[in-house]
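Q: Before I ask anything, let me first share the structure, which is written out below as structure tokens.
The values are calculated or read from the model by the stated rules, or taken from the named source; none is laboratory data. Computed from a prediction, not measured in an experiment: that's the story for all the values here. Note that each Cβ is placed from the backbone with ideal geometry, even for glycine, and that neighbours are counted across all protein chains shown. These area figures cover heavy atoms from the full protein model, side chains too; ligands, DNA and RNA do not enter into them. Shrake-Rupley method; radii C 1.70, N 1.55, O 1.52, S 1.80 Å.
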Amino acid sequence: MGQTEISKYRPEIDGLRALAVSAVILFHAGLAPLKGGFIGVDVFFVISGFLITSIIVKDLEAGTFSFAKFYERRARRILPALLLVVALTSAFAWAWMFPLNLKSFGASVVAAATFSSNFLFYSESGYFDGASNLKPLLHTWSLAIEEQYYIFFPLLMVLLWRVARQHILSVLIVAALASLALSQYYAYQNPSLDFYGPHTRAWELLAGAICSQLQFRPDLLVGNMLSAVGLLVTVTSFFYFDNATPFPSLWALIPVVGTGLVLLVGREGTYAQRFLAFRPLVFVGLISYSLYLWHQPVFALVRFRTILAPEQNFFYGLIALIFALAVISWYIVERPFRQKRIATIPVVASLTAGSVALIVFGGACLLMEGFPTRIPPDVDAIASAAQSRKSFGPYCFNGPDHVDAAMMKDCRLGVAGGNVDFLLLGDSFGAVLTNGVSMAAERRGKSGLFLGRHSCNPIPGAAEYMGGTDEACLRFQHALLGIVDTLKPKSVILHAFWHGPSNPNLARTYVADYEPLVLDMAKQMHQRGIKLYIVCCVLGSYPKVRVPETYAKMRYFGSYAELRPKVAQLEWRDRENIAIFDAVAKAEPLHLVKLTDALCGPKICDLLHDGNPMMSDDLHLSSFASESLTDFLAARMFSDQPQ
């Protein structure tokens, strides 16, 4: 059981922090080629585990450890700058955000102040979703995980110190391996939970804890070699990994082990230490916490305030602004609190009051639905289209694999009860079409069900195309024919995000591989005497923006941008799938329904009709658009029943 030399300042650790925070900032700015810059957070986790364990063990060995002292130190380190950033961000959010956005922001304020952001953002969407760019406090998920770790880890260490001091390192290794195993499992079963889960991230902090307790002091030659390899693989991972890499998983061992090697053997005298101890790099490391706190709010607020996405070069100016803000907050907030220039009681009182004030503000934004009276009603009406989607019970949109009473009740479209005349199967695009399909079916006296799964192609065997390779998607696909045979509908309607394979490696053989799957689906339906309808050609804004918010910003801020896509643009984007569907239709009965026939003119698709956005984001239809398709869908898919 060894104690790290924590009493001696190690500038190379600040240099390592500088590389990590720079990678994260450049990644969130969208500046190439740091496709894996998000891994900088994993580097921070390892460093935090290393330093915290070293501090705890040092105090335990000296007999001076105190929970009160430990948590006061954490509060002085984390809260002052965090409360400042969240408070100033809240002021801009109040001035700029629409009610729906402010309501969501309010939830993130409460989560940030209570260190539960990882759970909130897990419940909302994935870290790499396009909407994440507009969440000013998204980055607080990592602070939440660290604080959750800090709550339980000191308790564990004190307990082990008293009852099993000689086995602390073994316990840490076993716990890290268990967490890593969970991470590997969830990387493929539930990637979002894997990313945000404290139980799937703990191994990265524990890796740092293990390094702090290892007795390994190699000679300079070996230290040079190992620390150089560690630094190289860590930095390389910033460029090599991307958002398609299952992460964290076994892949995360590369930057985690690399960081651990630098911490373990990259001490004074090694080449890695000399590089990382470069004074400008060390200074960036010293202000890295403030840099991390400021970067996401600045990027997100600017993205929200501008009508179209800023040019990439603009972000270099924003990075300079972030650096200036970080220097200021480091000097006037971080240093005074950390160096105990303010006594304990005033610190506790001020930090408690600040946290409560933010929780009250965030809670009020939630309860008051984002304070809609701040915004002109017409602007609010446009912006609110972002939430206008039909909702289903979780069962219907969770890839059900068998027929039961819940399905028959909760997933109903059209006329309530009775036999199932049709099935609508799809992903989130199928879900947003349900408004129009349900109204069209009800008009024709038909009853049906919607069944689907997020990012899951409803054609059996096509899981690897257009997303949806998780096990639940595969089960859903494999169960579809059985569900069809049980319900015996007269027609099946498929609608999903058809265009383009999600894996670039599949693009070359996409048409050749995918067409037989569509053909087999058509044959299966034909053999059962079921009409097969495929709905295609979703809308899309050019340039790619969230349509309701962009139109609302045009009206609110007095700016303008042309969003209307050309029909030719949409047809070119969907050309491969249209060709596949047309080819299959020549061999087997297949009815292709193009939404652009109803939603667009001869050349242009208007995305705003009578003040109503036709899309709820950059690709999905709004409820208004879906309902406007009622007559069109009734004529195309339910015309065999009289009105």
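Q: Out of (1) under 30 Å from Ala29 (Cβ atoms); (2) open to solvent by less than 80 Å² (accessible area, probe 1.4 Å); (3) not basic (Lys, Arg), what's the single condition that is false for Asn313?
A: (2)
The rows are residues; the columns are (1) within 22 Å of the chain's Cα centre (by Cα); (2) at pLDDT below 90; (3) under 22 Å from Arg575 (Cα atoms).
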position	(1), (2), (3)
Gly461	no, yes, yes
Asp470	yes, yes, no
Leu480	no, no, no
Asp485	no, no, no
Ser491	no, no, no
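Q: If you take the residues of the stretch 543-590 that are open to solvent by less than 30 Å² (accessible area, probe 1.4 Å) and among the acidic types (Asp, Glu), which of them is nearest to Leu519 (Cα to Cα)?
A: Looking at the filtered set, the residue picked out is Asp574.
Q: Can you name the residue in the stretch 608-622 that is open to solvent by 20 Å² or more (accessible area, probe 1.4 Å) and either acidic (Asp, Glu) or in contact (Cβ under 8 Å) with a residue 40 or more places away in the chain (or both) and, of all such residues, is farthest from Ser132 (Cα to Cα)? Working first, answer last.
A: In the first step, residues of the stretch 608-622 are kept if they are open to solvent by 20 Å² or more (accessible area, probe 1.4 Å); the result is 608-612, 618-620.
Pick out the ones that are also either acidic (Asp, Glu) or in contact (Cβ under 8 Å) with a residue 40 or more places away in the chain (or both) and you get 608, 610-612, 618-620.
Numbers: Leu608: 24, Asp610: 29, Gly611: 26, Asn612: 24, Asp618: 13, Leu619: 16, His620: 17 Å.
The selected residue is Asp610.
Q: Same structure, new question: Determine which single condition Val233 fails, assuming it passes every other condition in (1) open to solvent by 10 Å² or more (accessible area, probe 1.4 Å); (2) over 30 Å from Asn398 (Cβ atoms); (3) of a type in the set (A, V, I, L, M, F, W, C); (4) touching a residue at least 40 places away in the same chain (Cβ under 8 Å).
A: Just one mismatch for Val233, condition (4).
Q: Pull up the stretch 523-571, narrow it to residues that are of a type in the set (Ser, Thr, Tyr), part of a helix (DSSP H, G or I) and closer than 25 Å to Phe429 by Cβ, then point me to the one that is nearest to the chain's Cα centre (by Cα). Break it down stepwise before answering.
A: Keep residues of the stretch 523-571 that are of a type in the set (Ser, Thr, Tyr), which gives 533, 541-542, 550-551, 556, 559-560.
Within this subset, residues satisfying the condition of being part of a helix (DSSP H, G or I) are 550-551, 556.
With closer than 25 Å to Phe429 by Cβ added as a condition, the list becomes 550-551.
Working: Thr550: 21, Tyr551: 24 Å.
Taking the candidates together, the pick is Thr550.
Q: Answer yes if at least one residue in the stretch 336-348 is closer than 23 Å to Pro136 by Cα, in a helix (DSSP H, G or I), open to solvent by less than 70 Å² (accessible area, probe 1.4 Å) and of a type in the set (Phe, Trp, Tyr), and no otherwise. Talk me through it step by step, then tell me what you get.
A: Of the stretch 336-348, the ones closer than 23 Å to Pro136 by Cα are none.
No, every residue in the stretch 336-348 fails to be closer than 23 Å to Pro136 by Cα, in a helix (DSSP H, G or I), open to solvent by less than 70 Å² (accessible area, probe 1.4 Å) and of a type in the set (Phe, Trp, Tyr).
Q: Which one of these is of a type in the set (S, T, N, Q) and under 31 Å from the mean Cα position of the chain (by Cα): Ser179, Ser227? Give the derivation first.
A: Details: Ser227 fails: under 31 Å from the mean Cα position of the chain (by Cα).
Just a single option satisfies the conditions, and that option is Ser179.
Q: Next question, about the same structure. Give, as residue ranges, the helices (runs of 4 or more DSSP H) completely inside the stretch 224-293 that count at least 1 residues that are among the β-branched types (Val, Ile, Thr).
A: Numbers: elements: 253-265, 271-276, 279-286.
Per the criteria, 253-265, 279-286.
Q: Output the residues belonging to the stretch 204-224 that are out of contact with any Pro (no Cβ under 8 Å at 6 or more places or on another chain) and either under 21 Å from Pro154 (Cβ atoms) or at pLDDT 95 or above (or both).
A: Here is the first cut: in the stretch 204-224, the residues out of contact with any Pro (no Cβ under 8 Å at 6 or more places or on another chain) are 205-224.
Hits for the stretch 204-224 are Leu205, Leu206, Ala207, Gly208, Ala209, Ile210, Cys211, Ser212, Gln213, Leu214.
Q: I've got another one for you. Could you tell me how many of the residues in the stretch 193-217 are open to solvent by less than 40 Å² (accessible area, probe 1.4 Å) and part of a loop (DSSP other than H, G, I, E, B)?
A: Of the residues in that region, 1 qualify.
Q: Would you be able to say whether some residue in the stretch 257-272 is hydrophobic (A, V, I, L, M, F, W, C), touching a helix residue (DSSP H, G or I) at 6+ places or on another chain (Cβ under 6 Å) and surrounded by fewer than 18 Cβ atoms within 10 Å (Cβ to Cβ)?
A: Our first condition is that a residue be hydrophobic (A, V, I, L, M, F, W, C); within the stretch 257-272, this holds for 257, 261-265, 272.
Add one more test, that the residue is touching a helix residue (DSSP H, G or I) at 6+ places or on another chain (Cβ under 6 Å), and what stays is 261-265, 272.
The next check asks that each one be surrounded by fewer than 18 Cβ atoms within 10 Å (Cβ to Cβ); those that pass are none.
Taking every residue of the stretch 257-272 in turn, none turns out to be hydrophobic (A, V, I, L, M, F, W, C), touching a helix residue (DSSP H, G or I) at 6+ places or on another chain (Cβ under 6 Å) and surrounded by fewer than 18 Cβ atoms within 10 Å (Cβ to Cβ).
Q: Among all residue pairs at least 6 apart or on different chains, which show Cβ distances below 7 Å where the first residue, located in the stretch 331-357, is closer than 21 Å to Phe283 by Cα and the second is of a type in the set (Val, Ile, Thr)?
A: That search, which allows pairs on different chains as well, returns Pro336/Ile342; Phe337/Val347.
Q: Could you please give the count of residues in the stretch 177-192 that are open to solvent by less than 50 Å² (accessible area, probe 1.4 Å) and under 13 Å from Ala252 (Cα atoms)? Reasoning before the result, please.
A: Step one: list which residues in the stretch 177-192 are open to solvent by less than 50 Å² (accessible area, probe 1.4 Å), which gives 179-180, 183, 187, 190, 192.
Adding the requirement that they be under 13 Å from Ala252 (Cα atoms) leaves 179-180, 183, 187.
The qualifying residues number 4.
Q: With respect to the numbered conditions (1) open to solvent by 10 Å² or more (accessible area, probe 1.4 Å); (2) in contact (Cβ under 8 Å) with a residue 60 or more places away in the chain; (3) among the small types (Gly, Ala, Ser); (4) closer than 23 Å to Leu351 by Cβ, which one is the sole condition not fulfilled by Ser116?
A: Single failed check for Ser116: (2).
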